[in-house]
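Beneath this line is the structure, given in structure tokens, with notes to follow.
The values are calculated or read from the model by the stated rules, or taken from the named source; none is laboratory data. Every value quoted in this text rests on a predicted model; they were computed, and no experiment measured them. Cβ sites come from the backbone with ideal geometry, for glycine too, and all protein chains shown count toward neighbours. Note: areas computed on protein heavy atoms with side chains; ligands, DNA, RNA excluded. Shrake-Rupley method; radii C 1.70, N 1.55, O 1.52, S 1.80 Å.
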Amino acid sequence: MVKTQRLISAIVAALMATTASAETELTVYTAVEAEDLARYAETFNESNPDIKINWVRDSTGIITAKLLAERDNPQADVVWGLAATSLLLLKSEGMLEAYAPAGVEKLDPKFVDGDNPPAWVGMDAWVASVCYNTVEAEKAGLTPPKSWKDLTDPQYAGHLIMPNPNSSGTGFLDVSSWLQIFGEDGGWNYMDALHENIARYTHSGSKPCKLAAAGEIPIGISFAFRGAKSKAAGAPLEIIVPSEGVGWDMEATAIVAGTANIEAAQALVDFTVTKGANEMYNSGYAVVAYPGIAKPVKHFPEGLLDAMIDNDFEFAANNRAAILKEWQSRYDGKSDPK
């Protein structure tokens, strides 16, 4: 009897060990909003229960810098939700494992890297906008801006917050878009004038809108979905689409070259392009990679999609380091402490 019990215990232990070893853990770097990560993992695990995601989450600039710093000793298996401009930079450094996920041909081509197989695949797009707290603005005697250039009016001095582009993808898409809209000299001249009105630069792309929604500042340069989400929660916000056009970027996914978990990484990337994954993205973004999926987002500003500039992603990626260095030398004195 004792021998039988020992045998049963050994079998159970072996089965438990086999089950444990069957689970693969993926280290996934992301700049997705922290509140969405559990939902992303849960949705993925519905079809891939034996792959555990260990998230490393920070703002776009910090995740990009971390990946570059780890170039010779990669710690991530997959990047799921990082600006395409960052992934273009990583691609140029040879840091991505090209892979064509099953079903990639169903995506809008502008959301897929042009190489075959692609180095990265897009998920969704986020678009710049201005979050304007009508209550706080009225208290301060402000009038709503209609354009980016309006924000240089002295009436807005000290009433404006925007993201630091070295930390935030939203901040970088603002800066790179202004350089495209106004030209290089005109863009820096614009930012010089804007800087005079900036109260501070945050290290998060969503924070300026969150602060405006909370009434801590009348105006926050952020992205449209964050404004729509805050407005839906009852914040007295007007989401303004500047008349010159707005910058945008897409979140995208890629496998990090050298991963020891290539099959699990490919399974994750396969999932990221599915209809179900894009339906999940649409709960947070009005523009997604899978055609026909996107449904209207409540309070999303009218005319925003038409206002999206013809963004030159190659320009943004190839000039990223120089742009960030110049921005830091001019304006970093007003940045929040890291």
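If I filter segment 148-162 for residues that are open to solvent by less than 10 Å² (accessible area, probe 1.4 Å) and either closer than 30 Å to residue 278 by Cα or in a loop (DSSP other than H, G, I, E, B) (or both), do I get at least one hit? Yes - at least one qualifying residue is present in segment 148-162. Residues in segment 100-124 that are surrounded by 20 or more Cβ atoms within 10 Å (Cβ to Cβ) and in contact with a Lys or Arg (Cβ under 9 Å, 6 or more places away or on another chain) were compared, and the one that is farthest from residue 288 (Cα to Cα) is 119. All of (1) open to solvent by 20 Å² or more (accessible area, probe 1.4 Å); (2) in contact with a Gly (Cβ under 9 Å, 6 or more places away or on another chain) hold for residue 171 with one exception: (1).
Report yes if some residue within segment 130-142 is under 19 Å from residue 314 (Cβ atoms), part of a strand (DSSP E or B) and open to solvent by less than 50 Å² (accessible area, probe 1.4 Å); otherwise report no. Checked segment 130-142: no residue is under 19 Å from residue 314 (Cβ atoms), part of a strand (DSSP E or B) and open to solvent by less than 50 Å² (accessible area, probe 1.4 Å).
Number of residues in segment 179-227 that are open to solvent by 20 Å² or more (accessible area, probe 1.4 Å), of a type in the set (Gly, Ala, Ser) and within 18 Å of residue 247 (Cα to Cα): the value is 3.
Quick check, is residue 311 part of a loop (DSSP other than H, G, I, E, B) and open to solvent by less than 40 Å² (accessible area, probe 1.4 Å)? Considered against the rule, which asks whether it is part of a loop (DSSP other than H, G, I, E, B) and open to solvent by less than 40 Å² (accessible area, probe 1.4 Å), residue 311 comes out as yes. Of all the numbered requirements in (1) modelled with pLDDT of 95 or more; (2) assigned to a helix (DSSP H, G or I); (3) under 25 Å from residue 33 (Cβ atoms), residue 165 misses one, and that requirement is (2). Screening residue 234 with (1) part of a helix (DSSP H, G or I); (2) open to solvent by 10 Å² or more (accessible area, probe 1.4 Å) gives one miss only, at (1). Against the conditions (1) open to solvent by less than 20 Å² (accessible area, probe 1.4 Å); (2) on the phi > 0 side of the Ramachandran plot, residue 304 satisfies every one except (2).
Comparison of 38, 31 shows that the only residue that is in contact (Cβ under 8 Å) with a residue 12 or more places away in the chain and of a type in the set (A, V, I, L, M) is 31. Taken together, 57, 39 contain a single residue that is open to solvent by 40 Å² or more (accessible area, probe 1.4 Å), within 11 Å of residue 82 (Cβ to Cβ) and under 22 Å from the mean Cα position of the chain (by Cα), which is 57. The set of residues in segment 237-273 being open to solvent by 50 Å² or more (accessible area, probe 1.4 Å) and farther than 24 Å from residue 313 by Cβ consists of 238, 258, 260, 262, 263, 266.
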